[in-house]
Amino acid sequence: MVNWQAGNTIAIASSSFDAREVDTATITSITQQANKTSLIQLSSPLQYTHLGVLRTYAGDPRQNVLDMRAEVIVLERNIVIQGDPTTSSTMFGGHVMSTWSKSPWASYPTMQLSNVELRQMGQAFQMGRYPVHFHMMGDTSFTSWVANCSIHHTWNRGVTIHGTHQVHVRHTTAFVTTGHTFFLEDGVEYGNIFEGNCGFLTQVSNGMLITDNNPATFWMTNPNNTLIGNHAGGSLEGFGFWYHLDDNPGGASKTYSICPKYETMGVFKNNLAHSNQFYGLRIHPEYYQQSCPCCGQWNLTPARFEGLIGYKNGVNCVVATQTGCCQHKFADQHGKYHEGRG
């Protein structure tokens, strides 16, 4: 057990088709066992069944292992940023934003959050008021990051990257968030890395984008970003991962020189989605990777979605409405392995 201690609050993700079947409890004691495992005692019994199994399937020539162990996260960090006592009734919490004035006298900004707990954050129905917000910073060259943070009980998203490139979001958890949670805003954003993050119990927002009525824990508006080893463990009314790619970026980044629907795929590898009401991975409305995205030529190249594990999603593991040449490798909710091109 790494740095957990008595008094910490843990959250355990659903192991069913219902994202709401989560449990929270307080750790009362941790005892190290002779076999190098830890025995944890909790303040109260769990209400729901949570699996801790690795499944294999007879007759599978690849001998794939379907990892169905429920995610367990600890909510506390030593540094806390939070809304005030009225936040739970007003849905008007704090927000952390880094931006660049572009004044000739202004230094180039960075934002580095490590081991921070953000709770009761974000302001409901307010554009730009998110728990963590990288706003129009341009290319940060990975001098900005969110690492090992805990974001929970928020009123407006989790981590928003807007008009900003090459930010590293890693090993960060998001629990009981509202609307799309790990969020690329306009579609111009590229080169960002989402690695080893976990989000579950993603809730509907009725006052932001129309698509927030069906929220995705990971919302990607430009395919030229990297997602590796992330877990989307339950979205109410929504999806685990959603690639929503328009013809051109909108909002403050509106331009016709970038074409997300035809852009080069970054990396999508070894991610996991379960307990989402509809799909684990959704590619909608369209994606046609081109060798020259904005040239107006029809020259498809393969886009790879590799190593996705999806189980107990309400409708299916993957849906792609209209796509060109996509190579896929994934295990579905029945444990069957799929590999192909479409």
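The values are calculated or read from the model by the stated rules, or taken from the named source; none is laboratory data. From a predicted model like this one, the values you see are computed outputs, not experimental measurements. When we count neighbours, we look across all protein chains shown, and the Cβ atoms used for this are built from the backbone with ideal geometry, even at glycine. Side chains are part of the model used for accessible areas, which takes the heavy atoms of the whole protein and leaves out ligands, DNA and RNA. Shrake-Rupley method; radii C 1.70, N 1.55, O 1.52, S 1.80 Å.
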Give me the percent of accessible area attributable to carbon and sulfur for region 179-311, probe 1.4 angstrom.
51 percent
In nm, what is the difference between 0.36 nm times the number of residues separating residue 210 and residue 108 and their Cα-Cα distance?
33.3 nm
Summed side-chain charge close to residue 246 - residues other than residue 246 whose Cβ falls under 10 Å, Lys, Arg +1, Asp, Glu -1:
-2
Estimated vicinal HN-Hα couplings, Hz - region 131-139 in sequence order (Karplus 6.51, -1.76, 1.60; Gly, Pro = x):
x, 10, 9, 8, 10, 6, 8, x, 8
Translational D (Stokes-Einstein, µm²/s) of region 261-310 at 10 °C and 1.306 mPa s when Rh comes from the Kirkwood sum over C-alpha pairs?
128 µm²/s
Send over the per residue convex hull volume for region 1-75, Cα only, as a whole number of Å³.
129 Å³
Using θ = phi - 60° and the Karplus form 6.51 cos²θ - 1.76 cosθ + 1.60, what ³J(HN,Hα) does each residue of region 64-80 get, whole Hz, x for Gly and Pro?
5, 10, 9, 7, 10, 6, 5, 5, 10, 10, 9, 8, 7, 9, 5, 9, 10
Enumerate the calculated ³J(HN,Hα) couplings along region 200-216 in order (Karplus 6.51 cos²θ - 1.76 cosθ + 1.60, θ = phi - 60°), each rounded to whole Hz, writing x wherever the residue is Gly or Pro.
8, 6, 7, 10, 5, 10, 9, x, 10, 6, 4, 5, 5, 5, 10, x, 10
Skip the ligands, DNA and RNA, and give the accessible area per residue of the chain with a 1.4 Å probe, whole Å².
44 Å²
For residue 247 and residue 33, what does the FRET efficiency come to when R0 = 51 Å and r is the distance between their Cβ atoms, rounded to the nearest 0.05?
0.35
Potential lengthening between residue 255 and residue 55 on full extension [0.36 nm per residue; Cα-Cα distance subtracted]
67.3 nm
Within the chain, what percent of beta bridges assigned by DSSP are antiparallel, to the nearest 5?
20 percent
Starting from the Cα of residue 226, step 7 Å along the direction of its Cβ; do the same at residue 141; then give the gap between the two resulting points in nm.
1.7 nm
Can you pull the three principal axis extents for the Cα set of region 71-198, in Å, largest first?
41, 30, 27
By what distance, in whole Å, do the Cα atoms of the chain stretch along each of the three principal axes, largest value first?
62, 60, 36
In region 1-128, carbon and sulfur make up what percent of the accessible area (probe 1.4 Å)?
51 percent
Once each part is reduced to its C-alpha centroid, what is the distance from region 251-297 to region 181-248 in angstrom?
11 Å
